[in-house]
Amino acid sequence: MKIINGKILSDSLNKKLSKNLFLLKKENSISPSLVVILVGNNSASSLYVRNKEKKALEVGIKSYVVRLDEKIKEEELLSVIQEYNERSDIDGILVQLPLPLHINSDKITDKINIEKDVDGFNSKNIGLLALGRPNVIPCTPLGCYFMLDHFTTLKGKNVTIIGRSNIVGKPLSYLLTNKNATVTLVHSKSLNIKKICSESDIIVAAIGKPNFIKKNWVNKNSIIIDVGINVLKEKDGTKKIVGDVDYLKVSKEVKAISPVPGGVGPMTIHCLLLNTYLLAKKRRNILH
Ligand code: GUN
């Protein structure tokens, strides 16, 4: 069994990105900048945002975190986004999800200018990806693709994606279809998930349920990417992060598997920084 190590892969991709950012500054006097908007005090979101900020600074991207009150009105949040849409010194805008329930997330993601939409969640960017004409590719799907592409060939392979969320499952199904995989997207209402998985070459688990994928769903040639980030409380009160796959048992039965933590998580952050770099160049018509 091989471990598809997202930490090692992201370290090497971040190094390459850091070099490219250095050259962009030297040759074009541009230092890309990212603004992350965090509404409220959700502890998981705060942790993600801190991790993003830390990595951004490490590779050489300017990162600003805007913390807004939980009770902010939708109109006010829309006008904050408009301000950053208009600011010429800002290359990427990310609004951390989930948002408080009184705010319509669709309205918010569609407000972000598609030229600064580092998450790729604006409906126009999702539509372009679905059509095979991508502008920005959402970070977690892109990270999954890099991991798979590093490890295997996708052309003609049967890939089952478990989970149809707008931020992972659906965009990943478009991306892998564009890359010539044969994609099955299963979800909570699907019948025969176990059979579909056991006949797949590749399984991507993005359902948000700990230990959901069991060892009798896989075979000796399965390649597994685990997108899940679930927090489990141990008997002694400590917290443990686990994925969607019953890792200890499944890892003994398959060809390759990505761990949690150290799998998709660091790749998602790499892709956010990569998207910021790519959009900074695109907005200024720098083509190399
Ligand atoms: N919340 C969980 N994942 C994501 C992500 O990729 N982007 C944003 N903006 N929020 C998230």
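Where a number appears in this text, it was derived from the coordinates with a stated rule and is not lab data. Predicted model only: the values in this text are computed from it and were never measured. Here Cβ is always computed from backbone atoms with ideal geometry, including for glycine, and neighbour counts include all displayed protein chains.
Taking the chain, the Cys residues with no second Cys beta-carbon under 4.7 angstrom are C144, C197.
Of the residues R133, R50, the one with the fewest other Cβ atoms within 10 Å heads the list, and the complete ranking is R133, R50. Computed from point charges on the beta carbon alone (+1 for Lys and Arg, -1 for Asp and Glu), the dipole magnitude for the range 57-174 about its Cα centre is near 600 Debye. From largest to smallest, the equivalent ellipsoid semi-axes obtained for the range 1-98 from the alpha-carbon gyration tensor read 28, 21, 9 Å. Here the calculated FRET efficiency for I241 and A130, from their Cβ-Cβ distance with R0 = 22 Å, stands at 0.10, rounded to the nearest 0.05.
Count Lys and Arg as plus one, Asp and Glu as minus one, and take only other residues whose Cβ is under 14 Å from that of L278; the net charge is then +2. This ranking places F121, F212 by how few other beta-carbon atoms lie within 10 Å of each, fewest first, which gives F212, F121. For the range 20-36, backbone phi angles converted through the Karplus equation (6.51, -1.76, 1.60; θ = phi - 60°) give residue-by-residue couplings of 5, 5, 4, 5, 4, 6, 5, 8, 10, 6, 10, 10, x, 9, 10, 10, 10 Hz, Gly and Pro being listed as x. The magnitude of the dipole of the chain, with charges of +1 and -1 set on the Cβ of Lys/Arg and Asp/Glu and taken from the Cα centre, is near 940 debye. Simple rule: put +1 on each Lys or Arg Cβ and -1 on each Asp or Glu Cβ in the range 1-134, find the dipole, and look at I8, G40, Q96; the Cα lying farthest toward the positive end is I8.
For the range 215-231, backbone phi angles converted through the Karplus equation (6.51, -1.76, 1.60; θ = phi - 60°) give residue-by-residue couplings of 5, 7, 9, 10, 9, 4, 9, 5, 10, 10, 10, 9, 8, x, 10, 10, 9 Hz, Gly and Pro being listed as x. Residues whose amide H comes within less than 5 Å of that of Y64, counting only those at least five positions distant or on another chain, are L34, V35, V36 (H built at 1.01 Å from N in the peptide plane). Return one number: the angle in degrees, 0 to 90 and rounded to the nearest 10, between the long axis of the Cα atoms of helix 43-59 and the longest principal axis of the Cα atoms of the chain. Long axis of 43-59 versus the principal axis of the chain: about 70 degrees. Note on K73 and T182: the extension gain reaches 34.9 nm, defined as 0.36 nm multiplied by sequence separation minus the Cα-Cα distance. Compared with the direct C-alpha span, the chain from S165 to F22 gains 47.9 nm at full extension, assuming 0.36 nm per residue. Along the positive direction of the dipole of the range 156-267 (beta-carbon charges: Lys, Arg +1; Asp, Glu -1; about the Cα centre), which of S222, V168, I193 reaches farthest? The Cα lying farthest towards the positive end belongs to I193. Taking other C-beta atoms within 10 Å as the exposure proxy, L232, L279 rank L232, L279 from fewest upward. Each stretch of four or more DSSP H residues adds -39500 (n - 2.57); spread over every residue of the chain, this sum gives -13000 deg cm²/dmol at 222 nm. Past 30 Å, Cα to Cα: identify those pairs from K71/K214; K7/K111; K54/K209; K7/K281; K124/K195, in the order given. Long pairs (Cα-Cα over 30 Å): K71/K214; K7/K111; K124/K195.
With q set to 0.19, 0.24 Å⁻¹, the log10 of I(q)/I(0) for the range 216-286, from the Debye formula over equal scatterers at the Cα positions, is -0.82, -1.02. Shape of the range 45-91 from the C-alpha gyration tensor: oblate (a/c of 1.5 or more and a/b not above b/c, with a ≥ b ≥ c the square roots of its eigenvalues). Between K214 and E86, the simple label model (points 7 Å from Cα in the Cβ direction) yields a spacing of 5.8 nm.
Take the Cβ-Cβ distance between N192 and N51 as r, set R0 to 30 Å, and report the resulting FRET efficiency rounded to the nearest 0.05. Once the sixth-power term is evaluated, E becomes 0.20.
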